[in-house]
Structure formats: structure tokens, C-alpha cells
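Just below is one structure, and these are the notes that go with it.
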Amino acid sequence: MSAALLEVEGLRTWFPVRQGLRRRVVGHIRAVDGVDLTVRVGQTVALVGESGCGKTTVGRSILRLEQPQAGSVRFDGVDLLAQPSRELRQFRQRMQIVFQDPMASLNPRMRVRDLVAEGMRSFGIGGGPRRRTERVVELLQRVQLDADHLWRYPHELSGGQRQRIGIARALAVEPELVICDEAVSALDVSIQAQILNLLGELQRELNLAYLFITHDLSVVRYLADEVAVMYLGQIVERGPTRRIFEAPAHPYTQGLLAAAPSVDPQRRHCALGVLGDVPSPAAPPPGCRFHTRCPKTFDRCRREKPPLYDCASGGQSRCFLEDPSQPPRPAVSPREG
Amino acid sequence: MLAYVARRLGYGVLVVLGVLLLLFVLFFAVAKPEDIARRALGEKARQEAIDIWIASHGYDRPLWPWQQPADNQLFDHYARMLTFDFGRSDTDDTPIARRLAEGVGPTLSLTVPLFLVGLVIALLFGLFVAFFRDTYIDATGVFLCVLGMSVSLLLYIIGGQFLIGKLLRWFPISGFDPAPVVVARFLALPVLVGLLGVVGGDVRFYRTVFVEETGRDYVRTARAKGAGEMRVMLRHVLRNSLIPVMTRVVLAIPFLFVGSLLLESFFGIPGLGTLTVDAIRNNDFATLRVMVFIGALAFIGGQIATDISYAFVDPRVRLE
């Protein structure tokens, strides 16, 4: 197994909720509340979960585009959260992010050439302006765009082309880790497939590591070596992709997989569904955060917070059902929805 | 692009024609030439003198073309205004064109520095408070701006004249001398006072624009690319804010020629603002007509220039 490139421990990013004339802090949105994550060199880890579970914030916090309150983000052994912003900038060369919205995340007043070259300029790589332009052309070819897109503006490109620009832009500084934040979610399926293939090729060529943030499980299955499932700011299950898809341990993962559409009627999962709506991340439920929606809830879930237990089949699950000391589960009928 | 400019100018011409009609109704149909003549000649002028005055200024002719198609005041008014043949003042018979030529220099020497310095200060201060948004620096900045906007310009004028002109004696209280270096001494105080009155509102406007822009996704992208904060603010935020900034700036440019009524008259600057104030005071309708016409032209010109400038600032605007 390759060396760990990114190690996230106990990451916590809370957003203050302000109210009233004096803008006093009355509470916190606990977007990310104690997340551990490891990405190895050349590996793809998928971070999945419903919208609002904090997965995007995890990605941004790793790059310190949001400021986490606690925890550590070690990149190649160096804790990024402890770095002053000057030093932090140097690490941004080695870890890049592809954003979800390919239109909004590109400066509308810059041409493709400058959009892609700006990162090189910040880090002084790629030689002078002319050399950089040549390199941008190479990058465009790499993401299968013609060189004549060089002087276009984002609004003159299609969604798929823009997302490729976003990828070319991220690759321009030769990163080791690319965080893909819903990088293909905004695209239609045929273009999604193209981009995913492209990402796979680039990974093999450049030995990139990906942290793939998505809610789309079919993408995960196709791309990821490992999966981490997030719920209300915490990781509830993680493990090798195959294990997660074939034998999901956590009831939430089971619910997610059951909810995912499948083209194969034979392969329908028949786990119990997830009940109701996501509770507010400003006031997460006591005990297990998932107990309000879990079809398998029992007493202990409401009282205690489950840690991550090792699963027999590999990986970890934040569920008392995996606790070896937990007596066999009392027969509780699923709550009425 | 050319077609757009042509159409925009065409609309502008229509508006100008409308403005002229309105002016005519207000100044010719409402004001009686007898009253104007009495103002010019004095209360005790004899009827013959008044009649002569009215005839010599052409106010005795029929107003409307349906009264006399060949020689009427409406057509005459249009013809003269549109050819910039402004005629003579109602009060002292000096050519209005000469008055304008004399006044435009002093006016510009006040308004141009005020405009440029104000623009730079407002943009920089706007960026500054936007960068520190939602902190005490931001709150204090906005408070000062609102304070500056809320206090009447008259207070700044009189307060400035008293404090800087009288007590500190840094600059003359009022007056004007067009000699190259001396003029700066006379203009320093009015420019300073003008800034106090103008900058607050501008800063607040620019701050709003900048804060909105700093929240955009591409700004986050720029940071992820490793761009420094200075570059993020100037290259990304400022440049993307140029459309609303431009609107405000281009709209203001034509008014540089109209001058500031209050500043000029209080600081004794013999510019177009003073010319207008004097015309109002003396019922000099001929001059006043011209000033209103020029103001309207400035406004319309500003609007057109703003629209066209969009195309240069924002690549997404294609003028079709």
C-alpha cells in the first residue's frame, strides 16, 4: 500500500450563526464535526453523502478555503492548519480543487489562457508568459480541448468544456492531490462519462490522488478505491469500495444504496429506507446522529454516541450494531414513518 | 456594435427634442416677456423701452408654428439650440457662448480634481472595507460614510471655511485666480469640502459591489490557485466589479461640465455653477434655458456613454 499523502484527523468546521442587531453568535452550524480521512498517493477516495452533510466543507477545509476550528490536516506529514498563510500558499500548488459549478467558479472576465495559467503564475512555474501559453495548450489537449479555445471566455464554452477548463486549471500547477467537489454532478451523463474517463487516465499518467466528493454513487463505484460515507458532519462508514457496495454495514449506507437508482432490476438492494428528513446541523440529535432516521434504532442509539467500529468485512462503521460487545439486537420493528 | 451605437444615439436625439419642447413650454409659454424685460431694465422703465427690449430680443413674435409657420419662437428656439447658437443674456446682453467659454475653465479646474481624487479614494477605501467585511473596521468605515452622507454640504462648506480658512489660515476662504500655481491654493478647500460630501455615498456603493463580488465562487477558485490577497482583490474582485462602478463613474463625467452650484457660489469660483445661480437670481431666462439644455445633454450623453462602455468592460455584453 502506498504512503499516506493526506491525513485528516478530527477536522471540525463550524459556521457561526449570527442574529440580531449586534450580530451575536447564537449557535453554530456544525458542518464538519470530527472527520478523519486518509488519502494515499495515487489513490482515489470518495466522500459521499446527501446534500448538506458537510462533504463540500470537508474539501474546502482541507485546502483552508474555509477555516476549520479544530483538528489537523497533514499533507505529506505537514499540518496545514498550523501553517501561516504565507507557507500555506506553497501547499496549494500540491493540492488543487475542481469545483462543482464550472460556470461560477471561473472568472467571467478572464480568457481561458489566463484562467489556466494563473496558478502557474502564482507559483512561478512554467517559465515566461509565452512558455506558459504553450503549456496551457498542452493542458487543453490533455483535457481534449482544441487550442483555439485559448482566447475564449467562459461564457463562450459549454458546460462540459468549462469543467475541462476547471480540470486543466487544477492540473496546471502539477498537483499531487486533486479534490473533485461534485466535479461531474452538473454535467449530463454522456459528458460525465467522458470527464470521468479523463480523470482516470490522468490519474494513471500523473499518479494523482483524488478525493472525490459526490452524492452520485454510480460515479463512486466506477472510480473510487475507498469510500467514506458522511452524515451530518461525521463519517459514518468507510471501507474499500467493493465492500461498501456489496455489504454496506451502516444502516445509512444501506439506505443510500437502496435509494440509488439502478438500471438492473435484479440488483435492486432491498435494505430498509431512510426515514424522514435530515435534522438541522445546528442542533444534531443526541446519541447517534442518525437515530432519528434509522430504521434499526434501539435504546442505546438515543443515549450514546457510537464510535467507529471495525467491521468484520473490512472498513469501519459508526453503528452499535458493529459493536462486538453489543448483545444481539432486540427485535424492534421499524418505526412508523 | 455600430448599429447599436447608432440606435442609441437616435434615441438620444429624440430625448433631446423632447427636452427642448419642455424647455420651451416652461420658459416661453409660462414666463411673460414683459416681466423679463422689467427685470432687465428696472422697475421704473418706460413702456416704450420695454417694448423695444421685447422686440429686440424677438419675444414679440408668435410662440407657436400654427400661429405663423414661417417666423415663430418655437422653431427659432429649436434651430438656435440645436446649432448651439445661444444668443445673448436677458440681463446684460453679453453673448451666452462667451460666458460659457469663460466659465468652463474654472468649473473643470474644480470638478476634475474632485472627481479623480474622489474616485481613487472611494475605490480604495471601498476595497479596504470590503476586504475587512463584517469586522469592526468595516462597521466603523460604513458608519463614517453614513455620517458623511448625512451631514449637509453647507455645513462642510461653512465649517471648512471657518476652520481651515479663518482659524488655521491654510487656504483662502474663497475666491479664484486662474494663474497656474495660485489656482491650487484657491481650489484646495472646495475640493476637500466636495470630497467630504461625495466620498461617503460612493464608498458605500462600491463596498456593496465589492462585498457581493468577493462572495463569488471564482474568487474562491483564485485563492485555490494560490493567488495572493492583493491579486484577488485587484485582479479578480475589482475587475469584475467594473460594470456597476463604470455605470456610476461614466454617468458622473458629463456633470463635470455643469459644475457644482453650491461649491462654486460659496467659494466664489466664476464657473458654470455660479453662472447658473446668477441666472436664477436675475431671472435671466435666456442663460437659464441654455444651462438646463446643457445639463440635459450631459445627462443623456452620460447614459449613452454608460451603455456603450459596458461592451468594453464586460466581454459577455454583446451589443446587438
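The values are calculated or read from the model by the stated rules, or taken from the named source; none is laboratory data. Values in this document were obtained by computation on a predicted structure and should not be read as measured data. Cβ placement follows ideal geometry from the backbone for every residue including glycine, while neighbour counts extend to all protein chains displayed.
Going residue by residue through the stretch B:297-306, is there one that turns out to be within 15 Å of the chain's Cα centre (by Cα), modelled with pLDDT under 85 and among the aliphatic types (A, V, I, L, M)?
Yes, that holds for at least one residue.
Within the stretch A:286-337, which residues are part of a loop (DSSP other than H, G, I, E, B), modelled with pLDDT of 85 or more and among the charged types (D, E, K, R)?
A:289, A:293, A:296, A:304, A:305, A:318, listed by residue number.
Quick one: would you say residue B:138 is acidic (Asp, Glu), at pLDDT below 85 and either surrounded by fewer than 19 Cβ atoms within 10 Å (Cβ to Cβ) or in a helix (DSSP H, G or I) (or both)?
No, not satisfied.
Yes or no: residue A:135 more than 13 Å from chain B (Cβ to nearest Cβ) and within 29 Å of the chain's Cα centre (by Cα)?
Yes; evaluated as a whole, the condition is true for this residue.
Here is a list: B:307, B:278. Which entry is assigned to a helix (DSSP H, G or I), more than 14 Å from chain A (Cβ to nearest Cβ) and either touching an Asp or Glu at 6+ places or on another chain (Cβ under 9 Å) or hydrophobic (A, V, I, L, M, F, W, C) (or both)?
Exactly one residue qualifies, and that residue is B:278.
Can you name the residue in the stretch B:141-153 that is hydrophobic (A, V, I, L, M, F, W, C) and in a helix (DSSP H, G or I) and, of all such residues, is nearest to the chain's Cα centre (by Cα)?
B:153
For the stretch B:162-203, what are the residues that are outside any helix (DSSP H, G or I) and crowded, with 18+ Cβ neighbours inside 10 Å?
B:171, B:172, B:176
Residue A:142 - would you say it is closer than 19 Å to residue A:192 by Cα and crowded, with 17+ Cβ neighbours inside 10 Å?
Judged against the criteria, residue A:142 is a match.
Mind checking which helices (runs of 4 or more DSSP H) fall wholly inside the stretch B:1-99 and carry at least 3 residues that are over 30 Å from residue B:307 (Cβ atoms)?
B:33-41, B:47-56, B:73-82
Confirm whether residue A:223 is at pLDDT below 90, closer than 25 Å to residue A:170 by Cα and of a type outside the set (Val, Ile, Thr).
yes
Looking for something within 8 Å of another protein chain (Cβ to nearest Cβ), assigned to a helix (DSSP H, G or I), surrounded by fewer than 23 Cβ atoms within 10 Å (Cβ to Cβ) and acidic (Asp, Glu) - is there at least one such residue anywhere in the stretch B:206-223?
The answer is yes, given that some residue of the stretch B:206-223 is within 8 Å of another protein chain (Cβ to nearest Cβ), assigned to a helix (DSSP H, G or I), surrounded by fewer than 23 Cβ atoms within 10 Å (Cβ to Cβ) and acidic (Asp, Glu).
Let me spell it out: the conditions are (1) free of Cβ contacts under 8 Å to residues at least 40 places away in the same chain; (2) closer than 17 Å to residue A:145 by Cβ, and residue A:200 meets all of them except one. Which number is the exception?
(2)
Please go through the stretch A:58-90 and pick out each residue that is charged (D, E, K, R), more than 10 Å from chain B (Cβ to nearest Cβ) and touching a residue at least 12 places away in the same chain (Cβ under 8 Å).
A:74, A:76
Given the options A:93, A:100, name the one that is facing chain B (nearest Cβ under 10 Å), part of a loop (DSSP other than H, G, I, E, B), crowded, with 19+ Cβ neighbours inside 10 Å and at pLDDT below 90.
Checking each option against the conditions leaves just A:100.
Looking at (1) in a helix (DSSP H, G or I); (2) without any contact (Cβ under 8 Å) to a residue 24 or more places away in the chain, which is the one condition that is false for residue B:157?
Among (1) in a helix (DSSP H, G or I); (2) without any contact (Cβ under 8 Å) to a residue 24 or more places away in the chain, the lone unmet condition for residue B:157 is (2).
Look at residue B:259 and say whether it is part of a loop (DSSP other than H, G, I, E, B), touching a residue at least 24 places away in the same chain (Cβ under 8 Å) and out of contact with any Lys or Arg (no Cβ under 9 Å at 6 or more places or on another chain).
Judged against the criteria, residue B:259 is a match.
Which of the residues that make up the stretch B:233-248 are at pLDDT 85 or above and either surrounded by fewer than 19 Cβ atoms within 10 Å (Cβ to Cβ) or more than 29 Å from residue A:85 (Cα to Cα) (or both)?
Matches in the stretch B:233-248: B:234, B:235, B:239, B:245.
Name the residue, out of B:245, B:237, that is within 14 Å of chain A (Cβ to nearest Cβ), within 24 Å of residue B:121 (Cα to Cα), among the hydrophobic types (A, V, I, L, M, F, W, C) and touching a Phe, Trp or Tyr at 6+ places or on another chain (Cβ under 6 Å).
B:237
Would you confirm, using the coordinates I've provided, whether residue B:127 is crowded, with 18+ Cβ neighbours inside 10 Å and over 25 Å from the mean Cα position of the chain (by Cα)?
yes
Hand me the list of strands (runs of 3 or more DSSP E) wholly inside the stretch A:149-255 holding 1 or more residues that are within 16 Å of the chain's Cα centre (by Cα) and farther than 30 Å from residue A:322 by Cβ.
A:177-181
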